[in-house]
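The structure under discussion appears below in the form of structure tokens.
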Amino acid sequence: MTTACVAVFVITTGAGASLVRAAVMSIFATIALSSGRRSAGGRAVVFTAALMLAFAQNHHNGHRFSAFNRGDAGLIYLSPFFEPFSKRLPEQYDLRATVAATAGATLATLPVSLVAFGQTSIVALPTNILLLPFVAPTMLVGFLGATVSSFIPSLVGFCGAVTLFFTNYDISVVKLFARVPGASITGISFNLFAAAVMTVGMVWMVVKHYDDIVKKEN
């Protein structure tokens, strides 16, 4: 039932590359748990990347970010490096974990971002911290509104109003930080070789501290 719900959600929301990637990883986790096995994030990242690369019809920027699962890999393998710094932050609202996870995902996707867009944002971390708590509610309420629209029309207006409120909040936060002077560094000439060197450096960091990372993942 979980897999069926995930499939319906992906189809009704447009089956974008990021959604397909998240769905495949969710299905891997569901299979692992239902068979009594542990869901290993690192292995799920590798298998998901292999499937998306094998069946991809095109390779636009969104697909590159999703297929290679750099964000997920950053969450799993790079965020532990930021945890010592995030411990100075308050524990409320899971702020420490959010900061470490956001920093890890941002660093992992940085080489691809620099090659694809030639720029990077210096306000991505605070922006994501303010946005992340509202992403899941926005998607959930919007999905429920679209799902029940044919059965309970009276709920459509309510779901639409809540979704619009969250969406307007997200857009307002992005616009606010976009106005910050020097919010992004543009005109960066970053080729594939530089991206590869940067990626190798990250891999070396992970390999060197692999035992500690695996212990935290377990």
Subset of segment 90-129, residues part of a loop (DSSP other than H, G, I, E, B) and either in contact with a Ser or Thr (Cβ under 9 Å, 6 or more places away or on another chain) or of a type in the set (Phe, Trp, Tyr) (or both), comes to 118, 119, 122, 123
Go through segment 102-120 and give me each residue that's open to solvent by 30 Å² or more (accessible area, probe 1.4 Å) and small (Gly, Ala, Ser). 116
Out of 135, 148, report the one residue that is touching a Cys at 6+ places or on another chain (Cβ under 9 Å) and under 26 Å from residue 15 (Cβ atoms). 148
Any chance residue 53 is modelled with pLDDT under 80 and part of a helix (DSSP H, G or I): yes
Whichever residue in segment 170-211 is closer than 30 Å to residue 136 by Cα, open to solvent by 80 Å² or more (accessible area, probe 1.4 Å) and outside any helix (DSSP H, G or I) and, among such residues, is modelled with the highest pLDDT: 179
Residue by residue through segment 82-100, note down the ones that are at pLDDT below 85, surrounded by 14 or more Cβ atoms within 10 Å (Cβ to Cβ) and within 19 Å of residue 202 (Cβ to Cβ). 83, 86
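The values are calculated or read from the model by the stated rules, or taken from the named source; none is laboratory data. Please read these numbers as outputs of a predicted model, since none were measured by experiment. Every residue, glycine among them, receives a Cβ derived from its backbone with ideal geometry; neighbour counts consider all protein chains shown. Note: areas computed on protein heavy atoms with side chains; ligands, DNA, RNA excluded. Shrake-Rupley method; radii C 1.70, N 1.55, O 1.52, S 1.80 Å.
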